[in-house]
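This report concerns only the one structure given below.
Laboratory data are not the source of any read-out in this text; all were calculated from the coordinates shown. Just so it is clear, the structure is predicted and the values come from calculations on it, not from any experiment. Note that each Cβ is placed from the backbone with ideal geometry, even for glycine, and that neighbours are counted across all protein chains shown.
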């Protein structure tokens, strides 16, 4: 059980991170392992996970064991197996971090197809729901623990042309509050971090156009984009005993964007669907949508 007396050390604790091979997942693992936690990274790609494990091991405390588990975090049986695997280093589970998510449809609402919208909800809400439901008994058995979900400033800011992603992250934060209330008697805490736009390998394509980057920066009072390490600091705080009297909360780590507004994303939507389709949609007469989803829209967080 986590107590304030163990401040500064996570030695003897174990964690599972879903979406562990991505930028936020691996950075969070580094932050936990640096302070002594054993960490299991769950993800779908063996090669990516092995690289992430090697990266985490560079900074891990001597007592920390860093492992990976290949599988889809949205599949219940896979998740259950991964959770059992994550308890092996210490015999219990103390922390679980839900990083799996997806955004980036950049599609006018009237053109957004049902399948894409539902998929955004599945990856951003259902993935977290499954981790909370399946991890909570393990944490309760250990005497309590912490669940951290990766939300987004899109949960608080209405980003146009991202209806599925915004809805998913707003729903996630509602889930966090309900779960925190229900699980509090078990001493299981549930909180979330809201990142803003981060510069990672997955989002680098967004900044091929310098003007687009400037649009985002213009609404960030701190004047820079974030990094996975920025978010990992929040995950470390919420996962560890320093936040032992905190549950049901979500805080922004987004450069101050929530103090301003969303950037104008018309150009992104136009590039995605084409000028003719964009104009028709915003005029209330959407054209039939065609074409496959941009493979670079896959995101974590």
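List 161, 205 from most exposed to least, where exposure is judged by having the fewest other Cβ atoms within 10 Å.
Exposure proxy ranking, most exposed first: 205, 161.
Given the options 266, 209, 275, which has the most mean-square fluctuation in a GNM of the chain, springs set between C-alpha atoms less than 10 angstrom apart?
Of 266, 209, 275, the most mobile in the Gaussian network model is 209.
R0 = 35 Å: FRET efficiency of residue 9 with residue 267, Cβ-based, nearest 0.05?
After rounding, the FRET efficiency stands at 0.15.
For the pair residue 122/residue 214, report the inter-label distance in nm, with labels modelled 7 Å from Cα in the Cβ direction.
4.1 nm
What percent does the relative contact order of the range 4-300 come to when contacts are Cα pairs within less than 8 Å and at least six residues apart?
Contact order relative to length: 20 percent.
Quick one: among 143, 104, 20, which has the greatest mean-square fluctuation in a GNM of the chain with alpha-carbon springs under 10 angstrom?
Taking springs between Cα atoms under 10 Å, the residue moving most is 143.
Given the C-alpha centroids of the range 164-213 and the range 57-98, what is the distance between them in whole angstrom?
Taking the Cα centre of each part, the range 164-213 and the range 57-98 sit 21 Å apart.
If each DSSP helix of 4+ residues adds -39,500 (n - 2.57) and the sum is divided by the residues in the chain, what number results at 222 nm, nearest 500 deg cm²/dmol?
Rounded to the nearest 500, the figure is -12000 deg cm²/dmol.
Once the piece of chain linking residue 84 and residue 46 is laid out straight, how much longer is it, given 0.36 nm per residue of separation minus the C-alpha distance between them?
Full-extension gain reported as 11.8 nm.
Tell me, what is the FRET efficiency for residue 260 and residue 110 to the nearest 0.05, using R0 = 35 angstrom and their Cβ-Cβ distance as r?
Between residue 260 and residue 110 the formula returns 0.85.
May I ask what percent, to the nearest 5, of DSSP beta bridges between residues of the range 4-300 are antiparallel?
DSSP beta bridges in the range 4-300 are roughly 10 percent antiparallel.
Can you give the angle from 0 to 90° between the axis of helix 228-239 and the longest principal axis of the chain, with both taken from C-alpha atoms, to the nearest 10?
That works out to roughly 50 degrees.
Would you please state which residues of the range 32-46 a label at residue 59 would reach in this model, taking the label point 7 Å out along Cα→Cβ and a backbone N cut-off of under 20 Å?
32-43
I need 10, 16 ordered by Cβ neighbour count within 10 Å, fewest first.
10, 16
At R0 = 30 Å, how high is the FRET efficiency between residue 227 and residue 276 if r is their beta carbon distance? Nearest 0.05 is fine.
0.20
Between helix 76-87 and the chain, what is the angle of the helix's C-alpha long axis to the longest principal axis, kept within 0 to 90° and rounded to the nearest 10?
Approximately 40 degrees, to the nearest ten.
Please identify, among 15, 128, 180, the residue showing maximal mean-square fluctuation in a Gaussian network model of the chain using a 10 angstrom Cα cutoff.
Maximum fluctuation in the GNM of the chain, among the listed residues, is at 180.
Compute the angle between helix 46-57 and the longest alpha-carbon principal axis of the chain, please, reported from 0 to 90 degrees and rounded to the nearest 10.
Taking Cα atoms only, the helix is inclined about 60 degrees.
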